[in-house]
1. In the list TYR115, TYR154, which residue meets the criterion of being under 30 Å from ALA230 (Cα atoms) and at pLDDT 95 or above?
2. Give just the number: which of (1) over 26 Å from VAL380 (Cβ atoms); (2) touching a Lys or Arg at 6+ places or on another chain (Cβ under 8 Å); (3) at pLDDT below 90; (4) open to solvent by 40 Å² or more (accessible area, probe 1.4 Å) does ASP576 not satisfy?
3. Of all residues in region 39-67, which are open to solvent by 40 Å² or more (accessible area, probe 1.4 Å) and part of a helix (DSSP H, G or I)?
4. How many of the residues in region 149-175 are open to solvent by 10 Å² or more (accessible area, probe 1.4 Å), over 21 Å from GLY126 (Cβ atoms) and in contact (Cβ under 8 Å) with a residue 40 or more places away in the chain?
5. What single numbered condition from (1) in a strand (DSSP E or B); (2) open to solvent by 30 Å² or more (accessible area, probe 1.4 Å); (3) of a type outside the set (Phe, Trp, Tyr) fails to hold for PRO964?
6. Considering (1) in contact with a strand residue (DSSP E or B) (Cβ under 7 Å, 6 or more places away or on another chain); (2) on the phi < 0 side of the Ramachandran plot; (3) open to solvent by less than 40 Å² (accessible area, probe 1.4 Å), say which one HIS367 fails and leave the rest.
7. When you check ALA166 against the structure, is it in contact with a Phe, Trp or Tyr (Cβ under 8 Å, 6 or more places away or on another chain) and not in a helix (DSSP H, G or I), yes or no?
8. Scanning region 591-629 for residues that are more than 15 Å from ASP748 (Cα to Cα) and assigned to a strand (DSSP E or B), which turns out nearest to the chain's Cα centre (by Cα)?
Amino acid sequence: MARLFQDGAATTYDATIAKYISVPFGYMAAPTTAAPAGTVNPGGAYEPFNFVTTTKLLQQADMTAAANAFDCGECHVGGGTMEYLPGSRVALRDIETSADVPGGALAGKVTAFNYFIDQYDVDGDGTKYEAQHIDYRQTGVVEMDCFMCHLDGYEFEDRKAAIRKAKFGATLAIGAGIASSATLPADYGTDGYGTSVVYDASKLVAVKAEDNVTITGYKLAPAVVSNLRATPPTANCSSCHMDVHAVEWKKRADGFTSNTDVHYNIGCMGCHERTDKSVGTIGTSGDFSSASTDRTKLSMCDPAKGGASPFEALAQQLDNIGFKNCVGCHSPGAKTYSTFGAKDPTAAHTSKGLTYHLPFISCEACHIKKTNATTGGLIVDGTGVDHEGRVADHEHNAVLGGTGTTNFSHDRLVFDSNDVGMTDRIAMMWKNDGKLHPVNLHTSFFIRSKNDKDYDFNFDGRKGGADSIMQTHMAEVTGWNADNALFADGVVTESEIDALFAKIQDPLTGRFGSAIAANNLNGQAAPASGIIPRLSFMTVPFKMAHNVVQSYQAWGAGGCSDCHGENKGFYNKAYDMTGGYQMGWNKSTQMSPMTKVNGNSQATYSHPNVKDKFTGRSIAVDPLSSTGMRNDVDRSEFLWENTFMALDKTWVNEIVGGAITFPSATTGSFGGSVLKLQVKASAAAADSTAVTRTFWFSTNPSTPAAVVSTMGAFATNANGFGFTIAVNTAGTGITITAVGDTVFRLDDGADGINFGLPQYIAKPRTPSTYNNYAAVFAAANAGATQATTRAQWVNYLNALGTAVAPQASISVVGGSTAVSPDFAKTVKTAVQVTKDEPVTLVANTPVATGTVTYSWYCSDNGALIAEGATATRTFTQIGTFLCTLTATTTSGVTRENIYVKVVPPYVAPEDQPVRWVAGAGFAGNLTVTGMPTHTKITAAWGDLTATTTDVGAGNHTVAHTFNPVSSRLVDVAGVATYRYPVTVRVYNGTTQVKTISLKVDIAKPVTP
């Protein structure tokens, strides 16, 4: 990337309070205790950083803000930083001359806003990796393009081609399909280059007087206007998000097609259309600063978005604002927005015994699966460019999980879903909401330094930290040829890696090397040990949100054993991270981990925000063997630590550290180590009163004494921090001692192991007491009562689905023998009970050993109604409901279901308010009693006749003789019978006050 601003960079250390303070925009140094005014930037807030020379730009940057439009702009809708300077909002067209630019107009300056590194050969001279100046008055700017979302048939590929050539102003007309990409003049750097187009006359019509407008010229033809859509078409959304090679497809391996997602028919906007559309809920200022009232409001053109994962930071304050998530549609109650008839899953969850899982498993975790038609990104190859010139490869078939060296293509439009199958590639992660979510494990490879202690490997002005090489420098090393990247052919070998390292180290053949030798940035020379590159990668579990399957296909539809058991594929089972690659390397001499986590104590190749929900610690994941990538990384490795640990939160008055292990002189760095303590006045003081004190090492001490002396006043209590630091008695490490009543402890952000300090302690995990699960755990783990390792926890979870279980069965419901339901014919197998009367539920004795516990659920309320072999339930609703008995022993769990039909209480004929008193043949009387105040009674007799009787108060008798209508003949116990559905309506004036329905059966007369 590239530095953008002169001000607002890095932090300022306030030694008097031992804190690092972020420098706000408008400052060069943050206000501190010693310097309350800070150092104000005379150029003003958001002053563009001046690299001064193009040489330094090439050394220190790869993608500038200007270059962002060429690359990311292929999908981004435009506006924002592609049209204005951030902060000052000066139009990019004016930045060369406007005095409103903080620090002055950019003419004669080299900044990330008016220069870019040419990766697409914009000027057509056959040379890439040039620092090109951009004049937006010639190229135009990438304005917000409404048609990208709202025009059916938008020309995305044509727009991208124009963007790649910096014809920014022309993109609106070209994307709309109303103009060609031809421009006059055609040479980059000339007036009109990116703002001139040749319009298609058939797509325009002349403005007429009757159009009642004050402008002259042309407007869109009806054929174009007819393709405008108020609701963005799914195809338009998919072009940037869900299609093959689109961003969500690359990162999340999400698919949204008619055969991969049950929601496809409602389209993208079915879920992403905002539920809050009133004026007060729409942000209009574009101000997302912390003080802005618009910070948590979607702007006029924003669709709603779901919740982000811990690996994404795009306006997280807008997560789920106005968004229809799963519960938003699939929950009871009236809604102010369309739910498209979404069903309430409560009864289904209850019947499968899944309600216990809902607090810690997301809807998506169970309902998202992949089919053979769904693929997606597996690897990002940062060792070279892709076939279009982007400085990392997301799109080559070889980085998408192919199956060896065959069928790979650089053609963006060629994709073989059979070759690049991702059917079994869904893992799980704990998200910020404390629930499991489905993820795609997406791995980015890159080259970094092993010896940057005294050498700034990526020229960013900061040494230490195992810097990664600039992507544009890697492109130079590999000759801007996609075939030269490590992963281009699907095979990575130890010799290939060595050959690439040699190019990086060679000052004659590698741009990176020549930059060291010739430019000698900041006076640094190549290190005596030589450049020591390493191949590294970071695996990020990107959250999936699509590929929602039918409920019968979801995890758990088949019961507990769907997920619980060995190698089921939900929380366990090997996940092939090679994707069909042949990956070979020497781990000890060619590979370097992404970072270290948990107090710098554990190396990991995963993102530090992959955390164990129960301890909050980062999960250190190492998917490497000594000679390549493992294809047996278990899904559980991304959910729980190998050994359960937690931060030691004990308040102490002294910590005696062990021996400090200092890094080697050439391949390690103590610099960057952080000592961070939480301190409070006394043991009795509330934890909320504790303050943190921090010291960060920018140098490389090599002895305990040097460590202490480097900290200066931080270690002496000169500023009243409440502790002192000295070399320990053994002389091998340090001792921290409280002053007076002060107590302290290490903060989670400290690098305890670097200082030889104990920071974490064992954190055993106790299984749930629900349904006697503790006994299940003990049986699966040789009698243990607590889990100290991931392996024990997985054993326990497996046992919940595979242990010998009791055979739960229901004996009696309300005095009737229970019959297991035929789910296709629920009414025929239901046991009938009476509304508002207590019903006894009785369990059979299960075939199982040990103590059995019982619990009963019924779907009329979805909650636990009772525990025990016998339970009493009073049904208060009419209808057919599912009751579930769960039987649990130390060896497992089973469930039995029974349908219960709840009917109204019986009322004797003589007590019914409306009844038929039969007479001779088809004649008889209808008696009506106990009605509310009324003036009229109507009867629809079900024999094609109806009568109306005007009456007064009291009881009434209405005589009637039925017509023998043949359509009413039914068989009742072998007797031909006329069955008449009679409906009686009672009115008071014109208001209907009562409706009663009944059936009248009259046996068909027998003809002599």
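1. TYR154
2. (1)
3. THR54, THR55, LYS56, GLN60
4. Residues that pass the stated criteria total 7.
5. For PRO964, the failing item is (1).
6. Answer for HIS367: the failing condition is (3).
7. yes
8. In this case the residue turns out to be SER606.
The values are calculated or read from the model by the stated rules, or taken from the named source; none is laboratory data. Source: prediction; values computed, not measured. Backbone-built Cβ (ideal geometry, glycine too); neighbour counts: all protein chains shown. Surface areas here come from the heavy atoms of the whole protein model, side chains and all, with no ligands, DNA or RNA. Shrake-Rupley method; radii C 1.70, N 1.55, O 1.52, S 1.80 Å.
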